Amino acid sequence: MSADATPVRSQGRPAKPIPSANSVRSAKPASGEISKPSRLKTPKPRPKNGDTAFDPEAFLAKAGVGKQVLHLKKNETAYAQGDAADAIFYVQTGRLRVTVTSANGKEATLALVGGGEFVGEDCMVLSHPLRLATATAMTDCALLKISKAEMVRILHQEHALSDVFVSFLLTRNARVQADLVDQLFNSSEKRLARILLLLAQFGKESKPETVVPKISQEVLAEMIGTTRSRVSFFMNRFRKLGFIEYNGEIRIHNSLLNIFLQE
């Protein structure tokens, strides 16, 4: 006997043909058969992107309506402080540095953004019409520029992309908190080691990049809140200890993690 024919109550009345929540609560389903959940609700159609099921990776890989692929050379900007905040960017390849400049011209680095991350996401959560920071390419980059309107539409329509975006926001938030703790409690030597490890992507699921993009000691000093001479001193020390190698480019070894084991 199917679940549709299961009586609702044992009162001698004919079984109701339409399944309801009461049928699930029956004390003794007929013939010991378990009602199938699929009969209690109509499955929602899977979201489609063209003729196939929606794929976030495919959406973020190519241009389309409201999307444009940009190729930046080193030192070119994706957007500048004061530009209209009307789009979000997805980094396909390369690395960017996000900075903010004060009224007197002092510059501070807020974040380093690599492949598989979003940048300019503040346009999605802030009502401010202008960019509050500048995103500059540290290497040659490929970016997918998505208009704010298109990103809002697709986030509401496609839960798979919403999951990807929320995961990114949570990871970025955790990184900001870790940066704050690092500035408050760690020595400048440990802050430098942490930045180098982050540049090499240690701790991520992907394979670490032992060779990090070329970055000046001035930028490193700015990021950790110290002087260039201190950065030079620590870099030389790391090299003598065998933690890093650098000759135009920086090669990071796993042993750099030992800095965090020292008191």
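The values are calculated or read from the model by the stated rules, or taken from the named source; none is laboratory data. Just so it is clear, the structure is predicted and the values come from calculations on it, not from any experiment. We place every Cβ from the backbone using ideal geometry, glycine too, and count neighbours over all the protein chains shown. We work out accessible area using only protein heavy atoms, side chains counted, and drop any ligands, DNA or RNA first. Shrake-Rupley method; radii C 1.70, N 1.55, O 1.52, S 1.80 Å.
A few remarks follow.
- All positions within the range 50-76 that are closer than 16 Å to Ile146 by Cα, open to solvent by 70 Å² or more (accessible area, probe 1.4 Å) and either part of a strand (DSSP E or B) or of a type in the set (S, T, N, Q) (or both): Gln68, His71
- Taking helices (runs of 4 or more DSSP H) as the structural unit, those lying wholly within the range 117-228 and holding at least 3 residues that are modelled with pLDDT of 90 or more and either open to solvent by less than 60 Å² (accessible area, probe 1.4 Å) or of a type outside the set (Gly, Ala, Ser) (or both) correspond to 148-157, 159-185, 188-199.
- Contact annotation: no residue pair with Cβ atoms under 8 Å, 6 or more positions apart or on different chains, pairs a residue in the range 118-135 that is at positive phi with a partner that is part of a helix (DSSP H, G or I) and surrounded by 14 or more Cβ atoms within 10 Å (Cβ to Cβ).
- With respect to the conditions (1) part of a loop (DSSP other than H, G, I, E, B); (2) of a type outside the set (S, T, N, Q); (3) modelled with pLDDT of 95 or more, Pro19 falls short on a single one, namely (3).
- Hey, Ile250 of a type in the set (Val, Ile, Thr), more than 30 Å from Phe59 (Cβ to Cβ) and at pLDDT below 85 or not: no
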